[in-house]
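The values are calculated or read from the model by the stated rules, or taken from the named source; none is laboratory data. None of the values given here were measured: they were computed from a predicted structure. Here the Cβ positions follow ideal geometry from the backbone for every residue, glycine too, while neighbour counts run over all protein chains shown. Surface accessibility is based on the protein's heavy atoms, side chains included, excluding ligands, DNA and RNA. Shrake-Rupley method; radii C 1.70, N 1.55, O 1.52, S 1.80 Å.
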Amino acid sequence: GLFWSVEFVVLYHFLENMEHKKGKDSVFSSFKKKLRKSKDDQYDSGESGNGHTFGPSVQLVVAEEGNTEMINAWNQKFRAVKACKGFLARCKRPEDKEELEFVIKILSESQYVGARLSQQTSLTNEFSRRGTTQDVQEYILKNMIGNLQPISSEDEEAVQKPPPLKKSTMSQPELRAKMKQIEKSVTPQNNQAQNPNDLKTKLVCDVMSMQKFSLIDEETGEEEGSSPRRLKQPVKQQVEVVNASYPVILDEDKLKAQLAFVNEWDKFDVFEVARLCSSRPLVVVALHLFKNYRLLEKCNIQEQVAINFFTAIENTYPSSNPYHCSTHGTDVLQTLNALLVQSKLIDSLLPIQLLAAFVSAAVHDSDHPAVSNNFLIQIGHDIAITYNDISVLENHHLATFFRILKIPGCNIFQNLSIKQNREVRKIIIQMVLATDIAKHVEMLDDFNSYAEVFEPNKPIAAESKLLLLRLGLHFADVSNPAKPVTMCKEWANRIMEEFFFQGDLEESLGLPVSKECDRNNAVKENVQIGFIDFIVRPLLQVWARIFPGLSIGMTLMESNCQHWRDCLAERTKKIANE
């Protein structure tokens, strides 16, 4: 098992570095005797050999041969990861390899072996997945982790802190220009009020503080400290939404015409809807879908509570975001609905499942800071620490949503039963976490496996429904290249602006600028072609294979891909001529 693999690896590595052959043979022989005696109860810490308890076996066996100083030296010089990898290359049993690969994975996550606090959560999660019994868990945590290299208080502090950021290499004038550009990126659009509590605003304030940077107020000539001009400092208060009003509609007839296409893949214009709804499309489209499918009645939701809830969710999407704004949330919601309709999956969903699916789409990017998970991890942001670098933003979106449910008048699930609440929560968590692009390959493998056994005329099992809902939201989230070319181009321009915002932050902090975020060198066409080739096409091909009603998406995607190739060829030709 896991414990024995680590113990044996430690011993094996020690023996490799032991020059005294007789002592080596003696130690190895003693260890094998213990192994044989305990094979039927390999986790029993009371099993003994030659009068010694097995518990911290390596130390006891080596001490038996009079080599206590050498084992202490080993603890200081060698890391368990190196030992595991060395033995992994030699071991032949598949079960040993599986255990060792697991140990390497867990231990590699920490810069310091023996950092028990940082490793215990990862181990506990893996134990749960593997079905490890409680007594075995406690024994492994106590004896395996406890007997690895001890760490000093300085090391433990370093484990919990991110590496220090480098100072920007830009000159002061360049840094000032860059900071003004960054500041402009958090200015609300369409004359909307700025939310000083959103994650993006806090992030920019933090970046400015890191650089000890200040702007001079052009009107008063006074310096405004470390926070950017016109940016309010974050305040710790919760804004309550009580009886929110329905959005002001600029043209009822045009909006009605657009909402008639809400089930269509290629006819619904989300940008026009956003304009007609005074930049509040999420409330309007969500409420329209809820009424269409009678979810208010079937799930016992008051209309005013639904308006309050979706207003609060829409307010969490920063209007300063070109891409991750409420228009994107609305687009994903409508696209998921169209996907469910065109594939006819919607006929197999219960009202409670449809409710969870629509809410997942609406909240999936709430309070998005317009930067990636990797960026937040690199700078050691608080939410990266909170979520242990795992699906950082996706977990934050979920937490934002669950907090909104606690606002008076916003809990649309308040009339559901305990069992229904549990089911809705489970679906929403799994669907939103599925939008983490880092999980794309794993999910695509699951989808291909499902497609191989899919039978169109048979009812869909409950587990398969959840898989398809997760994949449906993931696909809706990345579906822009499979939409009409005008919308595809608009979304491409918007995402590039957000990429450049992150690149500006990276440059200002002295971090390596991500390739697609480099304002001076990134090529939009290459970014789009790569995204289609590696993300969208493989996913859409499986959807279209098992649900032919989605073939229109394939046609549009290939047409758009050819458009980007043509634009790239034209760009290349123009550069060559110059």
Problem set entry | Those residues of region 352-390 whose amide nitrogen sits under 19 Å from the label point placed on Phe402, 7 Å along Cα→Cβ | 356-368, 382-390
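Could you report region 423-533's accessible area per residue, 1.4 Å probe, as an integer in Å²? Display every interim value, and only then the final one.
Values: 4800 Å² over 111 residues.
Per residue, region 423-533 has an accessible area of 43 Å².
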Exercise. So how far, in whole Å, is the C-alpha centre of region 284-347 from the one of region 458-480?
Worked result: 17 Å
For this session: Assign one of three labels to region 420-479, namely rounded, prolate or oblate, based on the Cα gyration tensor with a ≥ b ≥ c the square roots of its eigenvalues; rounded applies when a/c is under 1.5, prolate when it is not and a/b is larger than b/c, and oblate otherwise.
Result: oblate
Exercise. How far is it, in nm, from the label point at Asn292 to the one at Ala451 when both lie 7 Å from their Cα along the line to the Cβ?
Worked result: 2.6 nm
Exercise. Roughly how many percent of the accessible protein surface of region 411-539 is carbon and sulfur, given a 1.4 Å probe and a whole-percent answer?
Worked result: 51 percent
Problem set entry | Inter-label distance for Lys515 and Glu442, nm, one decimal - labels placed 7 Å from Cα along Cα-to-Cβ | 2.4 nm
Exercise. Once the dipole of region 350-470 is set up with Lys and Arg at +1 and Asp and Glu at -1 on Cβ about the Cα centre, which of Asn374, Gln353, Ile429 lies farthest towards its positive end?
Worked result: Gln353
For this session: Arrange the peptides 287-299, 346-358 so that the one whose residues have, on average, the most other Cβ atoms within 10 Å appears first.
Result: 346-358, 287-299
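Extension gain Glu558-Ile390, at 0.36 nm per residue separation less the Cα-Cα distance, in nm?
On the way: separation 168, 0.36 × 168 = 60.48 nm, distance 3.32 nm.
So the extension gain works out to 57.2 nm.
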For this session: Tabulate in residue order the Karplus-calculated ³J(HN,Hα) for region 522-531, using 6.51 cos²θ - 1.76 cosθ + 1.60 with θ = phi - 60°, rounded to whole Hz; enter x for Gly and Pro.
Result: 5, 10, 4, 4, 5, 4, 5, 5, x, 5
Exercise. Measuring with a 1.4 Å probe in the full set of protein chains, what accessible area per residue, in whole Å², belongs to region 285-408?
Worked result: 30 Å²
Exercise. Using the Cα gyration tensor of region 386-507, with a ≥ b ≥ c the square roots of its eigenvalues, what is the shape: rounded (a/c below 1.5), prolate (a/b larger than b/c) or oblate (neither)?
Worked result: oblate
Seminar exercise, completed: Under the 7 Å Cα-to-Cβ spin-label approximation, Gln414 and Asn526 lie apart by a distance in nanometres of 5.4 nm
